[in-house]
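Here the structure is laid out as structure tokens; the discussion comes afterwards.
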Amino acid sequence: MHVLVLGAGQLARMMSLAGAPLNIEISAYDVGSENIVHPLTQAVIGRGLANAIEQADVITAEFEHIPHHILDICENSGKFLPSTQAIKAGGDRRIEKALLDQADVRNAKYYVIKSREDFEQAIEHVGIPMVLKSALGGYDGKGQWRLKDLSQTDQIWNEMAECIAATDTQAIVAEEFVPFKREVSLVGARAKDGSVAVYPLAENIHTDGVLTLSTAIADTELQEQAKAMFTSVAERLEYVGVLALEFFDVDGTLLVNEIAPRVHNSGHWTQQGAETCQFENHLRAVCGLPLGSTKLIRSTSMINILGEDTLPAEVLAMDGCHVHWYGKEKRAGRKMGHINVCGDYNGELQRKLCALANLLDKQAFPAVHEFAENFSE
Ligand code: ATP
Ligand code: MG
């Protein structure tokens, strides 16, 4: 089987690593340069979307911000999965919010803004405090504003107006501020026959809008809620592949924050913590193979490595620690790799996170340090 991935980043790379034992070969299409590249070496192996499509048995995507004309060409080939509709929903918060409503899953109250009058309406409808997000192009907390006080209205409107004016299709989605206790996400897969397998929920810590620490958790009640919402969204989209749902946990009730129609950063822990990792399950699903078990095999956390290209040797030497580099050039804040750390039981994992805090720089790994500080209190 030959799978073409739209996007040539770390997610295509990890799909390639996971596909090899199943004889699934991956090539990656860099949407910007129009090069077909090897997902591990980045070597250019071809050019042009038509060639890339021709060579592939199946086409999928590692990101959602893909121009619609490219998605339409892929759709017309009859080879694209999960579905172009799902990718469009992940890339446009207006479509995403409409989808969540149609799937009848709880999500924050919202209002779409194109003009100053809309902004006033949004303040009426959604209330203050309010989170404002660009409909297109946002990721890692970018393209967002927080309206906490009416005195900020003019300032925020000026910035949003500039964002709206930048492209014809841009808008802002105003959302009620959700006073969540924590953030969790559910990664799961839906196969061509409609069967669904979800991983245990992950609890996610963000620092400055970017995921820094993700830990698989066991919570039967939340897991049930999350799985029902996952199934509802996946069925609505007739989805095939791995899908992630991000949630706010408000005192034991989950609200969907957003969806990611792809393998997800909060599912990287499955490489060491689950029977079958998310990358393999995505490939299994899109290639029409049976899904692999999503069972937790040991307590696992994932730590993102941001803007760093080296780690102390002791990290690699630590029992239960697995380092995954993405082969990228170092840049401030860039996702360069991740560490999966495992323990045979929760207490052991917690001790290892504390041991890692002693090895890792506090500025670069704030979430691990925060965990260790709270743990010792
Ligand atoms: P990513 O794609 O990296 O997950 P993003 O840029 O798409 O991020 P969101 O996930 O929508 O953005 O928001 C980023 C973070 O901002 C959330 O993880 C959450 O901490 C906070 N946030 C977003 N929406 C709300 C809300 N309505 N109420 C409170 N906090 C929010
Ligand atoms: Mg998010």
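The values are calculated or read from the model by the stated rules, or taken from the named source; none is laboratory data. Remember, predicted model here, so these are calculated numbers, not experimental data. Every residue, glycine as well, gets a Cβ built from its backbone with ideal geometry; the counts of neighbours run over all protein chains shown.
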inquiry  = Residues that are touching an Asp or Glu at 6+ places or on another chain (Cβ under 8 Å), of a type in the set (D, E, K, R) and in contact (Cβ under 8 Å) with a residue 40 or more places away in the chain: does region 116-133 have at least one?
reply    = yes
task = Confirm whether Ala228 is over 23 Å from Cys321 (Cβ atoms) and either out of contact with any Leu (no Cβ under 7 Å at 6 or more places or on another chain) or in contact (Cβ under 8 Å) with a residue 60 or more places away in the chain (or both).
result = yes
request  = Kindly state which helices (runs of 4 or more DSSP H) lie completely within region 60-115 and contain at least 3 residues that are among the charged types (D, E, K, R).
outcome  = 93-102
Pair list, Cβ < 6 Å and 6+ apart or interchain, from region 292-320 residues that are under 20 Å from Pro366 (Cβ atoms) to residues that are of a type in the set (Ser, Thr, Tyr) and outside any loop (DSSP other than H, G, I, E, B) = Ser301/Thr215; Met302/Ser214; Asn304/Thr212
Selection within region 142-169 - polar (S, T, N, Q) and more than 15 Å from ligand 1 (Cβ to nearest atom) = Ser151, Gln152, Thr153, Gln155, Asn158, Thr167, Thr169
remark   = Going through region 326-370 in order, the residues found to be aromatic (Phe, Trp, Tyr) and either at pLDDT below 95 or crowded, with 19+ Cβ neighbours inside 10 Å (or both) are Phe365
Qualifying residues in region 213-225 (those that are assigned to a strand (DSSP E or B) and more than 13 Å from ligand 2 (Cβ to nearest atom)) - the one nearest to Ala364 (Cα to Cα) = Leu213
query = Out of (1) within 16 Å of ligand 1 (Cβ to nearest atom); (2) touching a helix residue (DSSP H, G or I) at 6+ places or on another chain (Cβ under 9 Å); (3) outside any helix (DSSP H, G or I), what's the single condition that is false for Tyr139?
reply = (2)
task = Kindly indicate whether any position in region 129-138 is more than 16 Å from ligand 2 (Cβ to nearest atom) and among the small types (Gly, Ala, Ser).
result = no
key: Residue identified as touching a helix residue (DSSP H, G or I) at 6+ places or on another chain (Cβ under 6 Å) and on the phi < 0 side of the Ramachandran plot among Ser151, Ser134, Ser115   = Ser134
